[in-house]
1. At a 10 Å Cβ-Cβ cut-off, how would you order 31, 92, fewest neighbours first?
2. Hey, fewest Cβ within 10 Å first, where do 150, 122, 74 land in order?
3. When a footprinting reagent is the concern and you count Cβ atoms within 10 Å, what order do 100, 93 take, fewest first?
């Protein structure tokens, strides 16, 4: 459908379903449109709830709309929008929608708020959720909404981070855990100098000290003492 060239109606007849019309356009295309929502939500169209009055519909203004004997009318452009929103979108229709808007799979996923796999499935299977179909139809006509939500995506994988510039991590969770335990046992910190603090932490991570005594000097870890004693017994 070309939004810049609105179609004109050739004929309109009541369909079998209530408040439904069968439309024939001058292009030869035929569609069925349901006016139930229009008649029940707009008070001005409430009189058309009368089935006899509703069936007296006719084309007016050389196909520019439809009207009823009581003076109510409805434009062909609005009928076209109703028909489009009520139609079922298939996989080919979805692929055409993507093409019309110039969207990649990832850009379409971002725009609709779904996963990339969902977009791929929409392009292969005729199982597109109703909410997605409505969103596609609205976005097709409202390019301002597209511009507001669109974010460009470059093809290919994102660049790999330079590992040489990454901050160095402490090797192993055991060392970090040992440092935390050693510091939690400290009753008094060594002299407040950068060198002494660094030395204290290094000794704590290797298990050589477990803290500091009341005199401020590092205390030998009990575990280290026990290991030395057990080794001495074995050697003896």
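1. Least crowded to most crowded, the residues run 92, 31.
2. Taking fewest neighbouring Cβ atoms as first place, the list is 150, 74, 122.
3. Listed from fewest to most nearby Cβ atoms, that is 100, 93.
Just so you know, all these numbers are worked out from the coordinates, no wet-lab data involved. These figures come from a predicted structure and were not determined experimentally. A quick note on method: Cβ atoms are made from the backbone with ideal geometry, for glycine too, and the neighbour counts reach across all protein chains shown.
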